[in-house]
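The values are calculated or read from the model by the stated rules, or taken from the named source; none is laboratory data. Only a predicted model underlies this, so the values are computations on that prediction, with no experimental measurement involved. Neighbour counts are summed over all protein chains in view; Cβ atoms, including those assigned to glycine, are modelled from backbone coordinates with ideal geometry.
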Amino acid sequence: MAAMQARSFATAGFGVLQIDLFGCGDSSGEFREARWDIWKQDLLAAKEWIEDRTKAPISLWGLRLGALLALDFAKSSPPGIHGIILWQPVTSGESFITQFLRLQLANEMLTGDQKKKGSTSVLRNALAEGKTLEVAGYELDPELAATIDGLKAADLAVRGTCIHWFEMVTEEGRALPPSTKKTVDAWGQQDIDVHMHLVTCLPFWATQEISECSQLIAATTEAYAGHDE
């Protein structure tokens, strides 16, 4: 989906730089070595790389946890981000970590490992003790988990930047999830320039098979092609 959207942006005249964060994809390092601040440094390096080559306005685009990272980076970095695209952003780092830890519990149930009778609270206690946990094949460092745990989208309102938020729903007419509405309402009270887009789409980031959503590609390109900048 990211590659499809990048090609659509390119066709519309936008240059796109896709990066693998440290410890992810084809980048250097292992996931257990990843830290939130390192990822923000990756974004800074990408931003500076673009600035060295063009004077065009720079926008950020992120999916799920990457959207939360984009907001945190834009809020804590010097001015220079002209727009942000959020695809189904994580609104609570705490909820995200809890859901991630549940993957390990589900795996233990499927494998019938009776020796590992745990809960998310047990796993959280292990992280609090400084232990690295292996979840779904990834080694989660306690420092990274603690940083994500403390993040909330509602606290990452970015002023002076046009934000396009794309929320995927499985059926037309569905209302915004409560957590999303709460965040958008909080931003509205701060006069944040946020534009909500509801798109009927399967959660392609979570499906076992490769899933595509042409509606999201079209909606994102249309919204940003009409962006003043």
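List the helices (runs of 4 or more DSSP H) that sit entirely inside region 119-212 and contain at least 1 residues that are in contact with a helix residue (DSSP H, G or I) (Cβ under 7 Å, 6 or more places away or on another chain) and within 30 Å of P78 (Cα to Cα).
Per the criteria, 142-149, 178-188.
Would you check which residues across region 41-97 are outside any loop (DSSP other than H, G, I, E, B), over 22 Å from F14 (Cα atoms) and out of contact with any strand residue (DSSP E or B) (no Cβ under 9 Å at 6 or more places or on another chain) and list them?
Correct list: Q41, L65, D72, K75, S76, S95, F96.
For region 17-35, what are the residues that are assigned to a loop (DSSP other than H, G, I, E, B), within 16 Å of G66 (Cα to Cα) and of a type outside the set (S, T, Y)?
L17, Q18, I19, D20, L21, F22, G23, C24, G25, A34, R35
Just one of L103, L63 is surrounded by fewer than 23 Cβ atoms within 10 Å (Cβ to Cβ) and outside the structural domain of P177 (by TED's automatic domain parsing); which is it?
That would be L103, the only listed residue that is surrounded by fewer than 23 Cβ atoms within 10 Å (Cβ to Cβ) and outside the structural domain of P177 (by TED's automatic domain parsing).
From the list I163, I148, I217, which one is surrounded by 13 or more Cβ atoms within 10 Å (Cβ to Cβ), more than 16 Å from the chain's Cα centre (by Cα) and either assigned by TED's automatic domain parsing to the domain that holds L103 or hydrophobic (A, V, I, L, M, F, W, C) (or both)?
Among I163, I148, I217, only I217 is surrounded by 13 or more Cβ atoms within 10 Å (Cβ to Cβ), more than 16 Å from the chain's Cα centre (by Cα) and either assigned by TED's automatic domain parsing to the domain that holds L103 or hydrophobic (A, V, I, L, M, F, W, C) (or both).
Which pairs turn up if I take residues in region 192-217 that are more than 20 Å from E172 (Cα to Cα) and look for partners that are surrounded by 13 or more Cβ atoms within 10 Å (Cβ to Cβ) and at pLDDT 90 or above with beta carbon separation below 6 Å, at least 6 apart in sequence or on another chain?
I192/A157; D193/C162; V194/I163; V194/W165; V194/W187
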